[in-house]
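Step one of this worksheet: look at the structure below.
Bear in mind these aren't lab numbers, they're just calculated from the coordinates by the rules spelled out. Everything quoted here is computed from the prediction, not taken from an experiment. Don't worry about glycine lacking a Cβ; one is built from the backbone with ideal geometry, like all the others, and counts go over all protein chains shown.
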Amino acid sequence: MIAQLGDFRMGYDDSGEGLPVVFLHGFPHDRNLWNAQRLALASQARCIVPDLRGFGHSSTHGPFSVDQYADDVIALLDALQIERAVVCGLSMGGYVAMALWRRHPDRVKAFVFCDTKAGADSEEARAKRDELAAVVRRDGARAIAEAQIQGMVGATTRERRPEVVAGMRAMMARQPVAGIVGALQALRDRPDSRETLRTISVPVLVVVGEDDVLTPIKEARAIAEALPTAARVRLEIIAGAGHVPCLERPAATTHALSDFLSTLA
């Protein structure tokens, strides 16, 4: 489906009934990242899965920032007449979820932070974002697919599930160059969210792949430890998965989400 939100067009899926859950993809993905969970959880929740600005079927013009991504999500919820939702964000989607809490805390019922982290980029990481943007401008989206694939999926997946590796590579390679470059700028300039975590007062599930090398288990534990007691935090480690457990171990990830959602009904 396509939502026209002012001058911005957002692609999204909306399926199921009940508790609204918004699934936010990472970089450089699109909403298909969450297909298994959208289908499996439709009997338990209303699953809303957007393409963030610049990705999938959404508009590719700026501005690009985690705050703008968050405001785009709220514009979609407004269009769908949804007052509050559970927000589940993976990697970059987790940064957007944290921005949602800073900007629109009254719209969030609970969080799932999946394979993400709270800190801002170091100066070295910021420089690498700029270098990667230059490569993508020159060589196109396939360049980022090749640069990212090794860290995107875990060692177990690379050894045992080549079809998942191929699917992830194809997903990254089909994203618009303008969206990739804009997102790299948004990631580079995102604020430190560690203080934001300390203010969260809704329930939180933290999920991380056991083999994740981009945002490893220590980052997930740091998020869980920074959250206040009021957040009623759960931490779930998905065995045999890397940075995208929703694709690598879809049943295990869905089970963790389903258990968490059942506590919110």
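Arranged from highest to lowest average of other beta-carbon atoms within 10 Å per residue, in what order do the peptides 226-236, 212-222, 123-133 appear?
Going from most to least packed, we get 212-222, 226-236, 123-133.
Just how far, in whole angstrom, is segment 125-159 from segment 187-265 if you go by their alpha carbon centroids?
Answer, in whole Å: 23.
Provide the gained length on full extension for the span Lys109 to Thr199, in nm with one decimal, where the gain is 0.36 nm per separating residue minus the Cα-Cα distance.
31.0 nm
I want the local charge near His61. Using Cβ-Cβ distances under 15 Å, sum +1 for each Lys or Arg and -1 for each Asp or Glu among the other residues.
-2
Which net charge results for the neighbourhood of Arg129, defined as the other residues with beta-carbon distances under 12 angstrom from its beta-carbon, given Lys and Arg at +1 and Asp and Glu at -1?
That sum, taken over residues with Cβ under 12 Å, equals -2.
So what's the back-of-envelope 222 nm ellipticity for the chain, counting only DSSP H runs of four-plus at -39500 (n - 2.57) apiece and dividing by all residues, rounded to 500?
-13500 deg cm²/dmol
Rank-order 51-57, 64-70 by packing density, defined as the average count of other C-beta atoms within 10 Å over each peptide's residues, highest first.
Result, highest mean Cβ count within 10 Å first: 51-57, 64-70.
Which value, in debye to the nearest 20, describes the size of the charge dipole of segment 60-215 about its Cα centre when Lys and Arg Cβ atoms bear +1, Asp and Glu Cβ atoms bear -1, and nothing else is charged?
180
Please name which of Ser201, Thr254, Ala224 has its Cα lying farthest along the dipole of segment 195-265 towards the positive end, using unit charges on Cβ (Lys, Arg +1; Asp, Glu -1) and the Cα centre as origin.
Value computed over the given set: Ser201.
Search the structure for amide H atoms under 5 Å from the amide H of Val112, placed 1.01 Å from N in the peptide plane, and list their residues when 5 or more places away or on another chain.
Excluding prolines and chain starts, which carry no amide H, the hits are Val87, Cys88, Gly89, Leu205.
On each of the three principal axes of the Cα atoms of segment 1-120, give max minus min coordinate, whole Å, ordered largest first.
Taking max minus min along each principal axis of the Cα atoms, segment 1-120 gives 36, 31, 26 Å.
In debye, nearest 20, what is the charge dipole magnitude of segment 141-218 about its Cα centre with +1 on Lys and Arg Cβ and -1 on Asp and Glu Cβ, if you could check?
140
Considering only the chain, what is the antiparallel percent among its DSSP beta bridges, to the nearest 5?
Restricted to the chain, the bridges split so that about 25 percent are antiparallel.
Please give the length that would be gained between Ala127 and His57 if that part of the chain were fully extended, namely 0.36 nm times their separation in residues minus their C-alpha to C-alpha distance (nm, one decimal).
Length gained, Ala127 through His57: 22.3 nm.
About its Cα centre, what dipole magnitude does the chain give when the only charges are +1 on Lys and Arg Cβ and -1 on Asp and Glu Cβ, stated in debye to the nearest 20?
80
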